[in-house]
Structure formats: structure tokens, C-alpha cells
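Structure, as C-alpha cells:
The values are calculated or read from the model by the stated rules, or taken from the named source; none is laboratory data. Computed from a predicted structure; not experimentally measured. Cβ: placed from backbone, ideal geometry, glycine included. Neighbour counts: every protein chain shown.
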Amino acid sequence: MKLHRLLLAPSLGTILIFMALPISLTTLYSVLSPAQYGGVIWQPSAEAYVRLLFERDIFDDTLTFNADYLQILGRSVVQAGLATILCLLIGLPTAWFIATRPAGKKSLWLMLVTVPYWVNLLVRTIALLLILRDEGPVNGALQSLGLTDGPLSLAYNNFAIGLGLVSSFLPFMILPLYAAIERFDFSLLEAAYDLHASRWQAVWSVILPILRPGLIAGGLLVFIPGIGSYLAPDILGGGKTLMLGNLIGMQFQGSRNWPFGAALSTVLMTVTLVALILVARRAAREEA
Amino acid sequence: MQHASEACQLIGLGRSYGRGASAHRALDGIDLSIRANEFFTLLGPSGCGKTTLLRLIAGFDQPTSGQISIFGEDVAGLPPEDRPVNTVFQHYALFPHLTVAQNVGFALRMLGSPQSEIAASVARMVALVGLEGMEHRRPDQLSGGQKQRVALARALAPGPKILLLDEPLSALDAKLRQRMRSELKALQRETGITFVFVTHDQDEALAMSDRIAVMQGGRVQQLGRPDEIYEAPANRFVADFIGGANLIPARIGSQGAEAEGLGVIPATGEPGAAVTLVIRPERLAILPATQKAKDDLGPLTVVERIYMGNELSFRLEGAAVPLHVTLPRGGLRGALDFSPGDRVALRPEAGAIRVLAS
Ligand SMILES: Nc1ncnc2c1ncn2[C@@H]1O[C@H](COP(=O)(O)OP(=O)(O)OP(=O)(O)O)[C@@H](O)[C@H]1O
Ligand SMILES: [Mg+2]
């Protein structure tokens, strides 16, 4: 009994130091006051949360509603959501293809999926920018083929950010889906056809419901890091269209408003947690 | 040429895996005519092509040669969902995410039947297989036998003209298997659906079938009623596979077949031809060598006495191959028991010895 607990000690310690402690600190900082050049003053204040929704007039302290930050939160959710859907549309057929290869070939295909990720994320993101920018190869090709007159603005917009998110997180969709399809009993598919299901009916009534745990896992693994992503919007969005990650980053760098940054982080964590709980609840309800 | 009474006709059906010299013929020229309302069994050892044949009929796989017609219609190119055939899979293949009721109603839902009709059909099917009260369970909450019933109900729900069953009883324990045998047989009689039943268990095949096709190496070795297959095996393979038999090499001599250590058995044939004598172990009486009459076989020596509860079996040596004799336990009257070392003779029942060319 004692020994069993000892086995858990390393992971519990890791969780304590690298998760519980930072999360508690973040939450704590979010209810303190900002110091002038970064850091916090040990003086309780809800100002950071007020600032999320309202703008305080510098002269008479009146509050007016300000949707700017909510918009950024909303945009982050939408961007991450779109990236998740795209990853799903690309990842599902890919994972299916890999999982149905002969036994010896699967690991080769899986390795190919991970090859781009041997390169650092920053380098990859910059590479994507170089490809998409006005003087980049895509625009060059389009123009020399005479398909477009001037360069299409592919970089520095939501499209570029979306592309960045998809290319960063695609393997996190493919790998859990692969694992789910790998376990899938293909005689169920034959049973479906035998029982008069068409191709599409088989997909909707048998394949997708059975792959659901994999779909959920992949979805969360893309959506959660996507919503807080920093590099893609920073580099591919050119700092013009902010996502939550950039806003948080700014609070700890230029603006030096640690409590506000901490409050934003806390909101992000809460949104994520609520989403997770909802998904888990639904899954549990459908199990029963 | 097609008769209305023919549920499924297979003509020169072949299925090969691989190409060229390494090609493996899983099915090699199968000609079969399965009659409507028949309980038809494909019986054969593992790897003889039973599942391959079922998959061709169901449409999961395409033949490399030959033709399949179902109720007179050539089904080449017809996908499984369009064939009037349903399958009970060897490992059931129940949909794990659906309840018993949803599994049973699956086919009608796919066919777009109205809700009320689906509900009525599910209720009827669930009652037919005796699963009332379990409609809302999921497959992982069922025992093996219950899963088997769900698979049966699910396959029967869309009203197939032919039901294919791939070793449906092999995953059940002996006792349940016995009971399901009678239930399946009764179900087939009630519904009047043509059953094509696959098994490698000869008892199962003999007990349930109207007709049996014994398969080996991708070919049909013999087709016939259970009693025909058992009493008159067409070749050594069938004789040995069904019920076990003593296969004794012999040579045709002037008075009959001469078998080493046994004597002469009445038989006609080309003098000098090698033949195989087929004798079922239970159609031999065993007696002390001192009582040996002229037409009895032997003498032989008992080398093993095997007690099996309802029967007693002896292994005898002295002939070209070891012989087996089985006595029903009730038929043993004290004096008839023997122990290893005893010298005995054998008295075959009239007509018990079949002579096959070898
Ligand atoms: N996809 C395949 N590729 C190559 N060979 C195959 C394939 N499927 C089956 N075979 C071969 O075809 C032969 C018949 O297989 P099949 O599954 O029909 O046997 P079976 O009679 O159903 O056996 P069992 O009683 O073990 O289920 C076997 O020798 C098998 O190895
Ligand atoms: Mg099989």
C-alpha cells in the first residue's frame, strides 16, 4: 500500500511543481494590483477582471462597456474551432489511410507524419510566412502562370493564422484518430453493409460513433493549444489580428500589467476547463 | 434451368489469393445447389474455405471464377447491402455503441422504415430469440449466448431470404451449444428461411442439417443428407473426418479383400487392387479370441482401454493400423470387459464394412 503510493510520487511531484503551483500563482496574481514596471503589489483588487469587460474613464472613474477583449477571446475560440474542424477533415482520411496499410508499413507512414515536427515550431512558422508572403513562391507561381495579376495577400491575416494553427497541430489530430481506427473492428463495417447500410450510412451510423473517443481526444488536443496559441498569430498575423495568447504575452512584456495578464490566463483556463467538463459529461451520459 | 426451389446456386465458383505460381486456391470449382427452406451445412476442417464461400455469397468478396445466383438472379456485382441475404458473424460483430434494440433495428433503420414499424419488428425479434427485458443493454453487458441471440435477431429482422451463419456456436460452452442447436433448428423450421450454416463440428452438422456439404482444400468432397454422409462416406477424407473411422489398407484377393492381421473380408474388385476398408468403431462387436468364428476378424491384442463415461473404447493392435472399437456403456455386461494384453476378435455388424478404392 505504502509502496504503491511511492510509485506515484514522481508524477504527483511534477504535477505539483509544474501545474498546481503556476496555476495557483496565476490565479493569485489576477486578484492583486499591478506594480509600475511589471510584477505585482500585494494589494487585493478585482480591477483586472473589471478591465476585461469595461473601460474605466481616467478622469471620473466611470465604467463603460468595452467588448474589445471579449472579441479577442471570441476570435480565439473561432480560430481554434475552425482549425480543429480543418484538422479533423484532413486528419480523419489520413489516419484512416495509415491505419489500413499493411502492418509493416504503418510505422513508416506514422513517422512521415511526424517528420515536419522534427523542426522547431518557430522555424516552421517563419517558413510558412516566407511561403505565403507577397514575394513568396505561392504568389510567384500564381503570377508567372498568369492566374493572378498582383500578389494575393495570403500572409498577415486570419487565413494565414488558421493555416499556421492547422500545420502546427495536425499530428495531434492524426495520432489519436489513428489509434482509434487501429482498434476499430472492421467486421462491424461488413455487418453494416450486410444490414443494408449504404456507404454514408455506415460512416454516420457506425464508423463515426465508434471513433468518437478518438475524435474527441483529437479535437481537444487541437482546440486547447489552438485557443491559447502564440506563435502563429504573432508571426503569421503580423501582430495585426491578436489572439488571446498574444494579448496575454503583451501584458507580461510591453504593457507590464501582470494582474491583467493573469486574469486573461485564468479566464482562458476556465473556458478550457468548462469545455472539457462539458465534453466529459456528455460522453459519460452517452455511455450510460 | 433455374428452379424456384433453388435458393442459391453456385456454379464453378473459385476464389484464389495471390497470383501466378504462388496463387492459393481457397475455393476450387464449387458446384452447389442450395434448396429453399433448407438447413444447409458447410462442414470442413479449419482453412478449407468455408468462410471464403460465405463471404462470396454475402457479397463481401468477389469470386475469381464462376457464378452465384440467388433465387435465380445472378448476383455478380451486386453489393452486400442489395442482396436478400444476412449474416450471423463468427464473432457476432454487434455494434458496441448501440443497445440490443438498436442493434436489432439497425437494418430496418438503414432501409428507412417508419419508427413504428421498426419498434414492432424489434419487439417481435427480441421475443423470438427470448431476450425480452434486455432491449436497453449494450453488447458488453451481455453473456456470450445472449450476444449470439442478438446477432441472430439482428440478421433475421430485415427478413432475409437466406441466412448465412459462420460458426455461430463455436464461441459458446458445450452445454449452451447443445441448447442453441435445437433452438436454431426450431427457428429455421418456424421462419422457413434458408439457412447456410458453417461449422467444423461434425456432431453439430449431423444433428442440425437437412443436407451437408463436406469441404476440404477448397472443394466439396461429398454432398448429402447426414445419414448418407455418415453411413456412406464417399472417400477416405469424409470417412475419417465424420465420426472417425478405422481406415484399413487391404488388397483384393481371390476370396475378397485381404487385410493384414484381420483375415479376408467379402469384397469384389480388380484382383490385386489396393483398397481401403472403412469400419466405424461402434459397429464392431468385441469378443475373446477363443470365441472367434470363421468370419470374425483377428485375433488382435488390446493395448488400451479408454473409459469415457457413456462409452468404453479399446485400442487394438495386430492389424496394419491400430484399430478402435467403441462400446456403449449400457451394452457392457461384465464379461465383455477387457484389459490391455487380452487377445480378442472382432465381429462386424452386417454391412458395416465399406470398401473404398484407395
Ligand atoms: N485474405 C486472404 N489472403 C490470402 N489467403 C487467404 C485470405 N483469406 C483466406 N485465405 C486462405 O484461404 C483459405 C480458406 O480460408 P477460410 O477463412 O475460408 O477458411 P475456413 O474454412 O473459414 O476456416 P476456419 O474454420 O478456420 O474459419 C485458408 O487457407 C486461408 O489461409
Ligand atoms: Mg472461417
B:ARG35 fails exactly one of the following numbered conditions: (1) farther than 18 Å from B:SER170 by Cβ; (2) within 14 Å of chain A (Cβ to nearest Cβ); (3) among the charged types (D, E, K, R). What is the number of that condition?
(2)
Would you please name the residue that is surrounded by the fewest Cβ atoms within 10 Å (Cβ to Cβ), looking only at residues in segment B:191-216 that are within 16 Å of ligand 1 (Cβ to nearest atom), farther than 24 Å from B:ARG280 by Cα and away from chain A (no Cβ under 14 Å)?
B:VAL198
Helices (runs of 4 or more DSSP H) fully within segment A:110-207 counting 3 or more residues that are within 14 Å of chain B (Cβ to nearest Cβ)
A:187-194, A:199-202
Quick one: what pairs do we get from segment A:22-44, first residue in a loop (DSSP other than H, G, I, E, B), second aromatic (Phe, Trp, Tyr), C-beta under 7 Å, 6+ apart or different chains?
A:LEU32/A:TRP42; A:GLY38/A:TRP258; A:GLY39/A:TRP258
What is the number of the single condition among (1) at pLDDT 95 or above; (2) among the hydrophobic types (A, V, I, L, M, F, W, C); (3) closer than 22 Å to B:VAL150 by Cα that B:LEU42 does not meet?
(3)
Search result, residues across segment B:53-65 that are without any contact (Cβ under 8 Å) to a residue 40 or more places away in the chain and within 8 Å of ligand 1 (Cβ to nearest atom)
B:ARG55
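Determine, yes or no, whether B:LEU164 is closer than 25 Å to A:HIS196 by Cβ, within 19 Å of the chain's Cα centre (by Cα) and within 16 Å of ligand 1 (Cβ to nearest atom).
Working: closer than 25 Å to A:HIS196 by Cβ: yes; within 19 Å of the chain's Cα centre (by Cα): yes; within 16 Å of ligand 1 (Cβ to nearest atom): yes.
Criteria met by B:LEU164.
Give, as residue ranges, the helices (runs of 4 or more DSSP H) completely inside segment B:193-282 that count at least 1 residues that are under 27 Å from B:ALA345 (Cα atoms) and not β-branched (Val, Ile, Thr). Working first, answer last.
Numbers: elements: B:202-208, B:226-231, B:236-241.
So the answer is B:226-231, B:236-241.
So is A:ALA283 assigned to a helix (DSSP H, G or I), touching a helix residue (DSSP H, G or I) at 6+ places or on another chain (Cβ under 9 Å) and under 19 Å from A:LEU52 (Cα atoms) or not?
On the way: assigned to a helix (DSSP H, G or I): yes; touching a helix residue (DSSP H, G or I) at 6+ places or on another chain (Cβ under 9 Å): yes; under 19 Å from A:LEU52 (Cα atoms): no.
No; evaluated as a whole, the condition is false for this residue.
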Residues to consider are A:ILE227, A:ILE216; find the one that is within 14 Å of chain B (Cβ to nearest Cβ) and of a type in the set (A, V, I, L, M, F, W, C).
A:ILE216
Condition (residue is on the phi > 0 side of the Ramachandran plot and either in contact with an Asp or Glu (Cβ under 7 Å, 6 or more places away or on another chain) or more than 12 Å from ligand 1 (Cβ to nearest atom) (or both)) applied to segment B:33-43: is it met by at least one residue?
yes
Within segment B:16-44, residues free of Cβ contacts under 8 Å to residues at least 60 places away in the same chain and touching a strand residue (DSSP E or B) at 6+ places or on another chain (Cβ under 8 Å) come out as B:SER16, B:TYR17, B:GLY18, B:ALA23, B:HIS24, B:SER33
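If only one of B:THR276, B:THR290 is of a type in the set (S, T, N, Q) and either under 22 Å from B:ARG236 (Cα atoms) or surrounded by 13 or more Cβ atoms within 10 Å (Cβ to Cβ) (or both), which one is it? Full working, then the answer.
Details: B:THR290 fails: either under 22 Å from B:ARG236 (Cα atoms) or surrounded by 13 or more Cβ atoms within 10 Å (Cβ to Cβ) (or both).
Criteria check complete, one pass: B:THR276.
Here is a yes/no grid of residues against (1) crowded, with 18+ Cβ neighbours inside 10 Å; (2) touching a residue at least 40 places away in the same chain (Cβ under 8 Å); (3) in contact with a helix residue (DSSP H, G or I) (Cβ under 8 Å, 6 or more places away or on another chain):
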| position | (1), (2), (3) |
| --- | --- |
| A:SER168 | yes, yes, yes |
| A:MET173 | yes, yes, yes |
| A:PRO176 | yes, yes, yes |
| A:LEU188 | yes, no, yes |
| A:ARG199 | no, no, no |
| A:ALA202 | yes, no, yes |
Out of all the residues in segment B:2-24, is one or more near ligand 1 (Cβ under 10 Å from one of its atoms), within 27 Å of B:ASP201 (Cβ to Cβ), in a strand (DSSP E or B) and in the same structural domain as B:ALA186 (by TED's automatic domain parsing)?
no
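If you scan segment A:178-193, which residues turn out to be in contact with a Phe, Trp or Tyr (Cβ under 8 Å, 6 or more places away or on another chain) and of a type outside the set (Gly, Ala, Ser)? Outline the logic, then answer.
Going through segment A:178-193, the residues in contact with a Phe, Trp or Tyr (Cβ under 8 Å, 6 or more places away or on another chain) turn out to be A:181, A:187-188, A:190-193.
Listed by number, the residues that qualify are A:ILE181, A:LEU188, A:GLU190, A:TYR193.
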Test each condition in (1) more than 16 Å from ligand 2 (Cβ to nearest atom); (2) acidic (Asp, Glu); (3) within 14 Å of chain A (Cβ to nearest Cβ) for B:ASP61 and report the one that comes out false.
(1)
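Whether any residue in segment B:91-99 is away from chain A (no Cβ under 14 Å), surrounded by 15 or more Cβ atoms within 10 Å (Cβ to Cβ) and either touching a Lys or Arg at 6+ places or on another chain (Cβ under 6 Å) or among the charged types (D, E, K, R) (or both) is what I want to check. Spell out how you get there, then give the answer.
Kept after step one, since they are away from chain A (no Cβ under 14 Å), are these residues of segment B:91-99: none.
No; the residues of segment B:91-99 include none that is away from chain A (no Cβ under 14 Å), surrounded by 15 or more Cβ atoms within 10 Å (Cβ to Cβ) and either touching a Lys or Arg at 6+ places or on another chain (Cβ under 6 Å) or among the charged types (D, E, K, R) (or both).
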Just to check your reading of the model, which residue among B:LEU43, B:LEU152, B:LEU54 is more than 23 Å from A:GLU286 (Cβ to Cβ), away from chain A (no Cβ under 14 Å) and buried (at least 20 other Cβ atoms within 10 Å of the Cβ)?
B:LEU43
Which pairs do you get when a residue that is over 13 Å from B:ALA123 (Cα atoms), found in segment B:90-104, comes within reach of a residue that is in a helix (DSSP H, G or I) and within 16 Å of ligand 1 (Cβ to nearest atom), reach meaning Cβ atoms under 6 angstrom, with the pair 6+ apart or on two chains?
B:ALA93/A:SER187
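Where residues in segment B:66-88 are surrounded by 14 or more Cβ atoms within 10 Å (Cβ to Cβ) and either β-branched (Val, Ile, Thr) or more than 22 Å from B:ARG35 (Cα to Cα) (or both), which of them is farthest from ligand 1 (Cβ to nearest atom)? Quick ask: steps written out before the conclusion?
Of all residues in segment B:66-88, those surrounded by 14 or more Cβ atoms within 10 Å (Cβ to Cβ) come to B:66, B:68-71, B:75, B:78, B:80-81, B:83-88.
From what is left, the residues that are either β-branched (Val, Ile, Thr) or more than 22 Å from B:ARG35 (Cα to Cα) (or both) are B:68, B:70, B:75, B:81, B:85, B:87-88.
Numbers: B:ILE68: 15, B:ILE70: 20, B:VAL75: 19, B:GLU81: 21, B:VAL85: 17, B:THR87: 13, B:VAL88: 14 Å.
The extreme case among them is B:GLU81.
Filter segment B:203-219 down to the residues that are within 14 Å of the chain's Cα centre (by Cα) and either away from ligand 2 (no atom under 16 Å from the Cβ) or basic (Lys, Arg) (or both) and list them by number. Even if it seems obvious, please write down each step before you answer.
Keep residues of segment B:203-219 that are within 14 Å of the chain's Cα centre (by Cα), which gives B:203-216.
Selection gives B:ASP203, B:LEU206, B:ALA207, B:MET208, B:SER209, B:ASP210, B:ARG211, B:ILE212.
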Could you list, in sequence order, all residues of segment B:152-171 that are away from ligand 2 (no atom under 16 Å from the Cβ) and either touching a helix residue (DSSP H, G or I) at 6+ places or on another chain (Cβ under 9 Å) or not charged (D, E, K, R) (or both)?
B:LEU152, B:ALA153, B:ARG154, B:ALA155, B:LEU156, B:ALA157, B:PRO158, B:GLY159, B:PRO160, B:ILE162, B:LEU163
